[in-house]
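Each value in this text was obtained by applying a stated rule to the coordinates, not by laboratory testing. Since the structure is predicted, the reported quantities are computational estimates derived from the model, not experimental observations. We place every Cβ from the backbone using ideal geometry, glycine too, and count neighbours over all the protein chains shown.
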Amino acid sequence: KRFAVQGEKWKHTNLTWSLSQSRRPSQIDPHGTRAVLARALDVWQQASRLTFTEINSDDADIVVSFSKRYHDDPYPFDGRGSILAHAFFPGSGRGGDAHFDDDELWLLHPNDDDEEGTSLFAVAAHEFGHSLGLSHSSVKGALMYPWYQGIQPNFVLPDDDRNGIQQMYGPKYKRTWEKIPYYRPVQTQPTTTTTTTTTTTTTRQPYIHQHHPGRHRPNTPSRYPAYYPEKPSHPDWPHYSNYPNRNPTYPDRRYYTTTEEHPRRTNHHYPRRTETTTHATTYRPRFPHAQPEYPTHPRQNYPTDPGQDYPKRKPYYPVKTTTMKPTPPPDKPDTCDTTYDAVTLIRGELYIFKNRYHWRIGANGRYPGYPIEITRMWAELPKNLTHVDAVYERPDRKIAFFIGKQLYLFDSQYLLPGYPKNIVHLGLPANLEKLDGATVWGHNGKTYFYSGTMYWKFDEEVGHVELDYPRDMSTWRGVGYNIDSVFQWKDGKTYFFKGKGFWKFDDLNMRVQHDRQLPSAQFWMSC
Amino acid sequence: APAPSRPTRSTSEKSARSYLEMFGYLTKEKPEVGNLLMEDVEQSYEDDFRIAIKTLQEFGGIPVTGVIDHATKELMKKKRCGRPDREPGYDKNNRRR
């Protein structure tokens, strides 16, 4: 542990940030700057419970500014020298702010041969560590190492920094079953079927109380199976006859019966083999469920003659093993509890896309058997498709899929010749990584593309975005940045999706109808 | 008798000293001359300076020699964050205008 926690930390974890209105970078594109700053904050968001929301105000918790030389704090910059930036620890006023030297040559997309320039992403990720309360670390390679080290394209937060931030703000919320220490689904080897999908069957391990509240000796496995007996499967046999076989050594037996089978077992409740007792002892099991390996009527006695083996009989009851139905592949979304990658109307039916799958909702509600793979409907999409970013039906009824920087244009299910094309052909910037949404706005019939903090108006006739774009998303008041998706419903209204909720947009007042989101699952999936 | 003239420091030592003070390895406080003789003051200056150099070298992951060698000079020229590595109340001025 070489990270250094400075002591001060934010009292809340949903932090806001903004690029200063008055002190913007003079040599690099502000939009690109904000995208890089958002990525740098996401480095910390992915490793902790912190969340960062960009707002358009200098009252944000973390205000980022670009200045030269002396800039209203006691730590002037040194021109294009060795000092690149500094940031203040959490607190009110200037607390949390990050100041960058505007004399430096900042790079938004550094290449390896950029000796002179400095990666804004690398420095911003470091400075935001200070804004969150971390001091410098002497671990070379740590993000909080004081000297500039550049950054790898597929950057992953080093352990030293991760430990530091998680000590202050805790790890990212875990999925439910990860929080229960004693319950863990045992993943057997995924059986790869002929298609590319893999199904994993999880057999449920009976959970053993690690620290049963009533136990006097914690950490000893409970004798009592965790799940409750189902209804008796046979009138004569004890109600636990449908317990799964738990004696892996002798699969046709239920429990360990002698010490050599189960070395740790002391069979003190069985009659000792060495003593020859003249009378048959009544078999009295020590634990109600620890029956002999063969089902027997409770009053039947067992011969205790050491020479005679127990009668070899096949067990009467079918050895039942619990196998759960195979769980769906991990990326198959839960219809009633998921976010959406893209939403659109196609030929009057609603299509909702998530990961590799999509739902189809017609006049009678959700089609049965959905979600299915997107490539089942549009087979000419990439075979290794993981998700789509945006989909919309054009006025000429062609279907446009945006995946990363690629546009796939379909006529029904058939990819048009010459596609996929790079979205640069539409007039979008070359450094745009992806779109968040695309739709035809019911108010004016024009097409709009949305990405991050910006949006563009697209002229379908010309096939190019209009010149005085992009503009800031704040025009669509109440929607915020980095939406998940947007589409025009049959009512001609526009719906913006973010997280598991959505807003209905009021075209006349140019703002969302209700500040509070409505839950998507109930409304669109009829959950 | 005139006090022995304080040995003049080389420029590199001066710039090194300001670097060490800027990043919190040296404090700027002037030692109380008071009851100390000049020699003692000189000695304490040298000790503090050498310790500061060693601390910087250790933090920067370069050989710890206690003197301003080539590796140390290179380290001092490298681009870096403006925050001190030692935090003597760096954030007293948290007031945003």
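Summary of computed values
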{"quantity": "Averaged over B:20-26, number of beta-carbon atoms from partner chains that fall within 10 Å", "calculated": "1"}
{"quantity": "Loop-located trypsin sites (Lys or Arg not before Pro) in the range A:442-518 whose Cβ has at most 11 other Cβ within 10 Å (DSSP)", "calculated": "A:K490, A:R516"}
{"quantity": "Footprinting exposure proxy for A:F128, A:F77 (fewest neighbouring C-beta atoms within 10 Å first)", "calculated": "A:F77, A:F128"}
{"quantity": "Label-point separation, A:Y370 to A:S57 (7 Å along Cα→Cβ), nm", "calculated": "4.0"}
{"quantity": "For the range A:518-527, 3J(HN,Hα) per residue [Karplus equation, 6.51 cos²θ - 1.76 cosθ + 1.60, θ = phi - 60°, Hz, x = Gly/Pro]", "calculated": "9, x, 5, 4, 5, 7, 9, 9, 6, 7"}
{"quantity": "Order of A:V123, A:V479 - criterion: other Cβ atoms within 10 Å of each residue's Cβ, fewest first", "calculated": "A:V479, A:V123"}
{"quantity": "Sparse-neighbourhood loop sites, GluC sites (Glu not before Pro) in the range A:399-470 - DSSP loop, at most 10 other Cβ within 10 angstrom", "calculated": "A:E461"}
{"quantity": "Loop GluC sites (Glu not before Pro), the range A:65-173 (other Cβ atoms within 10 Å of the site Cβ: 14 or fewer; DSSP)", "calculated": "A:E115, A:E116"}
{"quantity": "Per-pair calculated FRET efficiency, R0 = 45 Å: A:H12 and A:D459 via Cβ, rounded to 0.05", "calculated": "0.55"}
{"quantity": "Sites B:E58 and B:S10, calculated FRET efficiency, Cβ-Cβ separation with R0 25 Å, nearest 0.05", "calculated": "0.60"}
{"quantity": "Alpha-carbon centroids, the range B:46-72 and the range A:483-527: separation in whole Å", "calculated": "61"}
{"quantity": "Summed side-chain charge close to A:C527 - residues other than A:C527 whose Cβ falls under 13 Å, Lys, Arg +1, Asp, Glu -1", "calculated": "0"}
{"quantity": "A:S22 paired with A:Q513, simple spin-label distance in nm, labels 7 Å along Cα-to-beta-carbon", "calculated": "4.2"}
{"quantity": "Relative exposure of A:T339, A:T386, judged by other C-beta atoms within 10 Å (fewest first)", "calculated": "A:T386, A:T339"}
{"quantity": "Average partner coverage of A:120-126, which counts Cβ from other chains inside 10 Å", "calculated": "1"}
{"quantity": "Length gained when the stretch A:Y469-A:S412 is fully extended (0.36 nm per residue, less Cα-Cα span)", "calculated": "17.5 nm"}
{"quantity": "Per-residue average of Cβ from other chains inside 10 Å of B:56-63", "calculated": "2"}
